[in-house]
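Q: Submitted below is the structure of interest, expressed as structure tokens.
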There are 4 protein chains.
Amino acid sequence: MGNTFGKQFKITSWGESHGPAIGVTLDGFPSLFKIDVEHIQSELQRRKPGQSEISTQRKEEDSIEILSGLFDGKTTGAPISMLIWNKDQRSKDYNHLKNVFRPSHADFTYQAKYGIRDWKGGGRASARETIARVASGAIAKQWLASKFNTEILGFVKQISDLKAQISNSSINHESIESNIVRCPDNKIANKMIEKIKEARKNGDSLGGIIECVAKNVPVGLGEPVFDKLDADLAKAILSIPACKGFEIGSGFSGIEMTGSEHNDEFFVNDDNKIKTKTNHSGGVQGGISNGEDIILRAAFKPTATIIRSQKTVDSEHNIVELKGKGRHDPCVLPRAVPIVEAMVAIVIADHALLNTANNNRN
Amino acid sequence: MGNTFGKQFKITSWGESHGPAIGVTLDGFPSLFKIDVEHIQSELQRRKPGQSEISTQRKEEDSIEILSGLFDGKTTGAPISMLIWNKDQRSKDYNHLKNVFRPSHADFTYQAKYGIRDWKGGGRASARETIARVASGAIAKQWLASKFNTEILGFVKQISDLKAQISNSSINHESIESNIVRCPDNKIANKMIEKIKEARKNGDSLGGIIECVAKNVPVGLGEPVFDKLDADLAKAILSIPACKGFEIGSGFSGIEMTGSEHNDEFFVNDDNKIKTKTNHSGGVQGGISNGEDIILRAAFKPTATIIRSQKTVDSEHNIVELKGKGRHDPCVLPRAVPIVEAMVAIVIADHALLNTANNNRN
Amino acid sequence: MGNTFGKQFKITSWGESHGPAIGVTLDGFPSLFKIDVEHIQSELQRRKPGQSEISTQRKEEDSIEILSGLFDGKTTGAPISMLIWNKDQRSKDYNHLKNVFRPSHADFTYQAKYGIRDWKGGGRASARETIARVASGAIAKQWLASKFNTEILGFVKQISDLKAQISNSSINHESIESNIVRCPDNKIANKMIEKIKEARKNGDSLGGIIECVAKNVPVGLGEPVFDKLDADLAKAILSIPACKGFEIGSGFSGIEMTGSEHNDEFFVNDDNKIKTKTNHSGGVQGGISNGEDIILRAAFKPTATIIRSQKTVDSEHNIVELKGKGRHDPCVLPRAVPIVEAMVAIVIADHALLNTANNNRN
Amino acid sequence: MGNTFGKQFKITSWGESHGPAIGVTLDGFPSLFKIDVEHIQSELQRRKPGQSEISTQRKEEDSIEILSGLFDGKTTGAPISMLIWNKDQRSKDYNHLKNVFRPSHADFTYQAKYGIRDWKGGGRASARETIARVASGAIAKQWLASKFNTEILGFVKQISDLKAQISNSSINHESIESNIVRCPDNKIANKMIEKIKEARKNGDSLGGIIECVAKNVPVGLGEPVFDKLDADLAKAILSIPACKGFEIGSGFSGIEMTGSEHNDEFFVNDDNKIKTKTNHSGGVQGGISNGEDIILRAAFKPTATIIRSQKTVDSEHNIVELKGKGRHDPCVLPRAVPIVEAMVAIVIADHALLNTANNNRN
């Protein structure tokens, strides 16, 4: 269970890292929308392995095929099935892991829960499943952009102890893509790249923070009291492999402020719209979007796969020495940027479609 | 929408702050379980307004009535309906707020989304709805304790800049309840209480962090890839009023570690069980519980209600001066402890019931 | 589980026949709708026990209380909680049934499934739970009438072998309510009443057919391929106690026609609308409403409760003689008419709210 | 929306008749189950076009590929993705239907709902989507057989006015498959075949009734009050293309019986099990299986596609003459037998997995 996300923009994901393919079915998407397949592909390129010298060297084209739901390039209201064939599996790299539980991986928990485990390349627990998220998220982005002019921009804010200095108002897709680490602060970006290369050389790995801003989100999205917009965003973000934390607006830093400092004062702007002077709320108040930028941050732990010797146990409860092998990312953050953006896009699109309170009110 | 939480341990909440009552219906709970109604009531006392000099002075008995689902004190498998009558509404305290959008409250977003707003006491957006969570969470706790010996302990970790020094292994229900701020570090607790009183005197408010530990959670809970245990916990926590952040295990602090430092080494303990030496994972790996303590933290912003003059706008887009009135909590954290515990209990109980992978595997 | 119905117009029902109350929470209903509480009450009167000489003599006011979700009489988008207190329980009438499984009742299956059973008045398996359906259905009816001018009319078509001759175009609420059996063919209605009285005298019971017509249903409701409008109607109808069959349009009688006879020829009417000359489809084609009247029929078995001696077994597997006692309906159909209407209204309202294909298409 | 069925045994279906493929993803299935792929294929052969002289002559291999969820032939708990490539599309046969609404087809309603329509071969509204049902149903059957020895047998009970005389106790898979119409009464079967051939010669079509019996269904399946086993079966059956009616047990014929005739008397059998002497309930009481055979019937209208001239309208509201072309089934029932069985299997498997009342009770 658990392979479906969303209530109205509803995706069902399937596929293992070393199986024949990865796929996703999107149900609930409105009809008559012209899908830009090249844009989906370009989003997948941002997630693709082997895209740069700081990512894993697995070689995949990750070329998308749409098998249903379109007619003359437009959506018909029928489910949209998307599929990507896996091509560069090297399952023999994993033979020695067959009975071994890698530390801080899902090997032990999958074995304990299911009594069986696809140990080739991590099987279903591999981050390769995020292809399904990025492909669906691309459609969500297209629809949100066309309907509300919404723009969703993720970027690397911090790698290890290297923190970027970035003003959200200045970032855009181009500045994010201007370097391979996807941090729009080029000076820090170079340091981050060096640090990641060094970690790889040491057979080690790094973590960090991705920030994501959603601009032009319509007012009124979110369904209190449990399906608050920020609650669904938190779930979406925490469901991404290696993510350990989520915050919105002031988040963990807001706790040292007083209420009088933290409250976002309302004013009326030149277009006679109600806006807030500050945005400690991060674009969500009472679980509902207020029209300000949605600003959130996701914490990613350092990649569990390291090319170092580690002690661990096997399925027979023996202590074993595990030697890291195989291709891997010394830091997942650069490739996780499009994944975070995709999950944010899916949640916002889902809530925009769900927003029957507005759609159907008298 | 959005008033139902959980898939198998499924609660549906209703009621406004100044309406006649608050209620919740629990569906999916196993039959033949003896409910301890006094325990539910005692949990509600921990959430109750007016419980101490640092909480709001609204006077409510918050006395629970169970209207269905029990027979001779035992569950029958039928939905359990619980209800609490509101008694100490002072709606006139809110008359001046009828057309005014309080900063960082849900007034503006509710009005924008629904086109109408129950402005008395915050209506549905009031934290009074959390009664439904605490009552249901008490049942979840009882069941988890009886079935797995699970214990769920929340406590105040930080108020403003005051950070407690607490070892998770030493805390227990009694040490948490030993002071009114619910921080088991008594020395810091006293400072916290002073700071909260001072904030009240200034008509201001404070935020902080609640930590929650779940002990004896069975291995195997969580449904990858979207309904991971940590993802559902994140949603549960972010759905609590005033919460702005969530982290599990190493969370935001883990990002400066390397993989070799962060990985939790497996070993085999004296009972021949596979355990980890460290617990940076926070009890969840690959979205599935691994049998270690689940450790999470929730960031709460300072209460939006302050007894100070603030500028804001009204529904006619006029700039108005808002003078704080009414009873309120200068800091929500002491009363939020049982709410956090309740949501954690509900998520774990839900996943324990959902865990058909284990329940039905061949 | 199973106490929630609908995806967008979502009701959660609770309460036992001899418990303190019956209730229902409606979530997902649009805001700003003026609820007519008297209309809800008048629908409940049509379902009420003791309403005529051919129904059970249990005396209940069935007086509705709305505990949440309204503000100044209008919906706010918050969940609407409705409650009815039970008043005329006579649990002692059921003492002798404590360990006995009444034939064709739910006693045996509830005991087998749950290991416990509320034997007082049938507990949760009592048709008294249908109060929740009728109350929610009344709101669905009001909304559909106001939004689309939809009218939903159920009536008794057949009792035992007595078949009414009725033209759907001529029936209306008044003709249905013109007699206590709710059959608009007054001549047959009298015979039905006599037959029911006779059955009661014999301590026996009767079954029959209810037909329901929904007029002015908008084109486009239904979500293929599984959530077809007729599929959801079938589920709704079969979920009513004592229902054993469902058909739409030509139903079971259409099977002897050929395709050339059965096909509904399209034409264009004076308003330039596409209509069909016949309506063997019953208003649904390919799972989606086509704008014609929705016509369905529900088969109800004779009431299982009879006031006759029957052989059965008890929980100890003894053969026992069961003597019928207590108040009961010799024929459920007259009271089931508003229940069928309610379920049809709920399904149509749910699909109207769900119809994002139309609501959001480009 | 509407392309997902089931709560725990959860299938998501996709694909159009003339698209590249039809597929389905099954989520929630237990791990460690050995899937018999040949059995899935053999079930698909029973549904396949071109299987006999009385079915459509479209030629498809309908060869199944499983793309995920298996490891060494066993399920892993991950979603199972199944795919079948379409090969014998003849879209040009449909060119003349581009703007025409075929009577009693889904052309008009799809166009009205979605504003766009895949007119090639009926697109998503084609019964070709039932491949997804039969493939998933085969897995449900395998699991039910292995777990409970459950057997699910569907057969043709009536074609037009030709009614088979069949005792449910005598039928088995072989007798059903002994002739191409899938009616175990061979004498009537021959007449049915002749009648179908004659209808084809006349360019016309026929309807009928399929009966389905599920033997060895465990006691206790079904979730009152809305997700009753019979309610979910009704939905499952009505979601099948061309189905217009459903009944369980005595169904529409039971209405002329009295309660004293209809009630199923309990007794204790030689194995000390509680059984009923008659089975008018059809294996379900109070919405929960009672261990008796589940017996249901589905009414199918005559195929809407006929090879005759018919009047209809086009999308421009012109009256047009429609000449039937293309390959089609003069009677869907023989091929619908495995579809009915599949849907029944899916519902029962879903409820067996859902049955937490039993699985988790104290």
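Rule-based calculations on the coordinates, nothing more; no lab input. These figures come from a predicted structure and were not determined experimentally. Note: ideal-geometry Cβ built from the backbone for every residue, glycine included; neighbour counts use all protein chains shown.
Q: Through the Karplus equation 6.51 cos²θ - 1.76 cosθ + 1.60, θ set to phi - 60°, convert the phi angles of segment C:329-338 into ³J(HN,Hα) values in whole Hz; use x for Gly and Pro.
A: After applying 6.51 cos²θ - 1.76 cosθ + 1.60, I find 9, x, 7, 7, 4, x, 7, 7, 4, x Hz.
Q: List every residue whose amide H lies under 5 Å from the amide H of residue B:303, counting only residues 5 or more places away in sequence or on a different chain, with H placed 1.01 Å from N in the peptide plane.
A: Those qualifying (amide H under 5 Å, at least 5 residues apart or on another chain) are B:206, B:332.
Q: Let me ask something else. What is the dipole size for the protein assembly as shown, taken about its Cα centre, with +1 at each Lys and Arg Cβ and -1 at each Asp and Glu Cβ, in debye to the nearest 20?
A: Here the size comes out at about 0 debye.
Q: Now a separate question. Where the label is 7 Å out from Cα toward Cβ, how close does residue A:169 come to the same position in every other copy, in nm, shortest first?
A: Listed shortest first, these distances are 5.2, 6.8, 8.5 nm.
Q: Ok, one more. What list of whole percents do you get for P(r) of chain B, with Cα-Cα distances grouped in 20 Å bins up to the one holding the largest distance?
A: Pair shares across the bins are 28, 57, 15, 0.
Q: For segment B:1-54 and segment C:69-132, what is the centre-to-centre distance using only Cα atoms, to the nearest Å?
A: 21
Q: Among D:296, D:40, D:54, whose Cα lies farthest out toward the positive end of the dipole of chain D, if unit charges sit on the beta carbon of Lys, Arg (+1) and Asp, Glu (-1)?
A: Farthest along the dipole direction, towards plus: D:54.
Q: Please provide three numbers in whole Å: the alpha-carbon extents of segment C:1-51 along the principal axes, with the largest listed first.
A: 35, 31, 16
Q: In addition: Skipping prolines and chain starts, which residues have an amide H placed within reach, meaning under 5 Å, of the one on residue C:311, given they are 5 or more residues away or on another chain?
A: C:322
Q: Hey, which residue of B has the C-beta nearest the axis mapping B onto C, and what's the distance in Å?
A: Result for the axis mapping B onto C: B:12, 2.
Q: What ratio of Cα Rg to 2.2 N^0.38 Å holds for segment C:171-211?
A: Dividing the Cα radius of gyration by 2.2 N^0.38 Å gives 1.22.
Q: Okay, next question. Looking at chain B as a GNM with Cα springs under 10 Å, which of B:141, B:157, B:113 has the largest mean-square fluctuation?
A: B:113
Q: What list of ³J(HN,Hα) couplings, whole Hz, do you get for segment C:246-252 from phi and the Karplus terms 6.51, -1.76, 1.60, once you set θ to phi - 60° and write x for glycine and proline?
A: 9, 8, 10, x, 5, x, 6
Q: Provide an ascending nm list, one decimal, of label-point separations from residue A:85 to the equivalent residue in each further copy; define each label point as 7 Å from Cα along Cα→Cβ.
A: The projected label point of residue A:85 is separated from its counterparts by 0.9, 7.1, 7.2 nm.
Q: While we're on this one: Quick one: Cα centre-to-centre distance for segment A:200-262 and segment A:293-347, in angstrom?
A: After rounding, the separation between the Cα centres reads 18 Å.
Q: Based on alpha-carbon positions alone, could you give the equivalent ellipsoid semi-axes of the protein assembly as shown from the gyration tensor, as √(5λ), descending, whole Å?
A: Ellipsoid half-lengths, sorted descending, are 50, 38, 31 Å.
Q: Relative to the longest principal axis of the C-alpha atoms of chain D, give the angle of the C-alpha long axis of helix D:37-47, reported between 0 and 90° and rounded to the nearest 10°.
A: Roughly 60 degrees between the two axes.
Q: A further question on this structure: Within segment C:39-87, report the trypsin sites (Lys or Arg not before Pro) that DSSP leaves as loop and that have at most 15 other Cβ atoms within 10 Å.
A: C:59, C:87
Q: Out of residues 5 or more away from residue B:21 or on other chains, whose amide H comes under 5 Å of its own, with H placed 1.01 Å from N in the peptide plane?
A: B:16, B:86
Q: Ok, one more. What are the ³J(HN,Hα) values, in whole Hz, obtained from phi via the Karplus relation 6.51 cos²θ - 1.76 cosθ + 1.60 with θ = phi - 60°, for each residue of segment C:234-242 in sequence order, with x given for Gly and Pro?
A: With coefficients 6.51, -1.76 and 1.60, one gets 4, 4, 4, 6, 5, 6, 6, x, 6 Hz.
Q: Can you show me the helix-derived [θ] at 222 nm for chain B, built from DSSP H runs with n ≥ 4 at -39,500 (n - 2.57) apiece and divided by the number of residues, rounded to the nearest 500.
A: -8000 deg cm²/dmol
Q: Other chains' Cβ within 10 Å of D:299-311 residues: what's the mean?
A: If you average over the peptide's residues, the count of other-chain Cβ atoms is 5.
Q: Sticking with this structure for a sec: When the C-alpha atoms of segment D:204-349 are aligned to their principal axes, what extent does each axis show, in angstrom, from largest down?
A: 67, 33, 28
Q: Express the Stokes-Einstein translational diffusion coefficient of segment A:134-180 in µm² s⁻¹, to the nearest whole number, given a Kirkwood radius over alpha-carbon pairs, 10 °C and a viscosity of 1.306 mPa s.
A: 127
Q: How large is Rg over Rh for segment D:1-137, taking Rg from the Cα atoms and Rh as the Kirkwood inverse mean of 1/r across Cα pairs?
A: 1.01
Q: Another one. Which whole number gives the average, over all residues in B:30-39, of C-beta atoms from other chains lying within 10 Å of the residue C-beta?
A: 3
Q: Report, in listed order, any pair from B:34/C:87; B:187/B:275; B:141/B:273; C:197/D:235 with a Cα-Cα distance greater than 28 Å.
A: Long pairs (Cα-Cα over 28 Å): B:187/B:275; C:197/D:235.
Q: Can you give the Rg to Rh ratio for segment B:95-218, taking only C-alpha atoms and Rh from Kirkwood?
A: That ratio is 1.07, to two decimals.
Q: Whole number please: convex hull volume per residue of the Cα set in segment B:255-341, in Å³?
A: 200
Q: Would you look at the GNM of chain D, springs on alpha carbons closer than 10 Å, and say which of D:278, D:56, D:303 moves the most?
A: Residue with maximal mean-square fluctuation among D:278, D:56, D:303: D:278.
Q: Here is a further query. Among D:159-168, B:20-29, how do they line up by average Cβ neighbours within 10 Å per residue, starting with the highest?
A: Peptide ranking by packing, descending: B:20-29, D:159-168.
Q: From the Cα trace of segment C:80-120, what convex hull volume per residue do you get, rounded to a whole Å³?
A: 115
Q: Counting only other chains, what is the mean number of Cβ atoms within 10 angstrom of the Cβ of each residue in peptide C:205-218?
A: 2
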